[in-house]
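Input: a single structure, listed below in structure tokens.
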């Protein structure tokens, strides 16, 4: 096979410039392009199919090279030319993947200012990544210094930037002042949100100093609460609240409160400290309780019968009793179709103490009333079907066999050289993850089948009830008994629910007319418990 001369090869010229490289911009990207074109002319490279210029593009991101890789794969180019290894990129792993991909597609790599040597390239790529990391640290230090001296990057709602200084933005500032005025006069966060929506007040996303892709024209109680808690509106500037996880990543994380930069008297206040402090004292703080099973045994079990969202345990500061409420209602408030279709939900509120008493009453009746106990245990035995567990295990084993075959084929392609190492890793990892999940499920169901074979479902149910009777509610015992607990208000349950949950018609009518709690028992018992109390 004849070797192609450079003059016959299809070449792609690539130029990249970043103002972050070495903390300065060495040259205009047009100059870099001209240097590369001169290099091509000197080396007799005449067939230039394209010139790609990435101006002010970070060297740590390799998504910019996806189109070039596509051209390599389709045979559109034979030679890839750039200034040096640092212009290719400053990410060691991605640089090596790119070079390996180019070699696989028989694309030659050429640098203008240095010789491309595949043996030495990994070391050069490591130095380039290290340089990018050092530059990132320096940039962060400079930015931190500027923030500590009052630099404003993005002005919060209510303000705008003028010559680097935060000044009130009249329209948004008027909304902020109205929020504090209403709160100071005793209005709650939901009441304030409702009022702002009625008058179509500017929202934080609509009135932000930077344009966003998605604008939310609706105020929520959380928007109002965040506004009332924000010390920005008394002239205190808080900066450095988020940081990049890594110089190679686009993801951010929150900085601990004690490490943030706090600058009092930084800008013009929109409200007085007296009003701000008074609002903080009156502002009732709602929070979702700890997810520790010992503190919330119903976590992950409660669901709203109307919207299907989780029903969350909500508590207030002080001694007020805790209760469960629909998560959608907690976030958006009551149903308001005039604001947006599907907005809000009914509270579906139930106090923790009432729910606890209801279940303990049932447990006590089960333990103390033999007739009721026998009725429940008989219904459990009627619904028992260990065959379902065996079918589920057989289906999972079939999935396991298919996934194993897929992995074996990929491994064989790797051994024969059809797949390079990095592509094998990319393609095989999702298969391995799925395979491990399936095997874990098989193990879980096999243990459950073994347990069910060794202990009758009725005895297991009786054992769980006995533990609750003797030790009180626990997350472990409740999850062994129930898959979920659904709270319905009157006229919310549907005929589809009746069919899906196998609800007897008499119990369905009670839920439809009065509302109530629907307890879905855990497989393989396949029966339900319905409390007929009204909400």
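What follows is calculated from the coordinates using simple rules that are stated; it is not laboratory data. Just so you know, these numbers come straight off a predicted model, no measurement behind them. Glycine also receives a Cβ, built like all others from the backbone with ideal geometry; neighbour counts cover every protein chain displayed.
Values as computed for the structure displayed
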quantity	calculated
Two-site FRET efficiency, residue 416 against residue 7, from Cβ-Cβ distance with R₀ of 51 Å, rounded to 0.05	0.90
Descending principal axes extents, region 88-130, alpha-carbon based, whole Å	29, 22, 16
Region 69-133 - percent relative contact order, Cα under 8 Å, separation 6 or more	44 percent
Ordering of 362-374, 462-474, 225-237 by burial proxy (mean other Cβ atoms within 10 Å per residue, highest first)	225-237, 462-474, 362-374
Contact order relative to length of region 11-141, as percent, for alpha carbon pairs under 8 angstrom and 6 or more apart	30 percent
Percent of Cα-Cα distances greater than 27 Å, calculated over region 11-141	14 percent
Stretch gain in nm, segment residue 151-residue 463, where the contour uses 0.36 nm per residue and the Cα spacing is subtracted	105.9 nm
Inter-label distance for residue 399 and residue 505, nm, one decimal - labels placed 7 Å from Cα along Cα-to-Cβ	3.8 nm
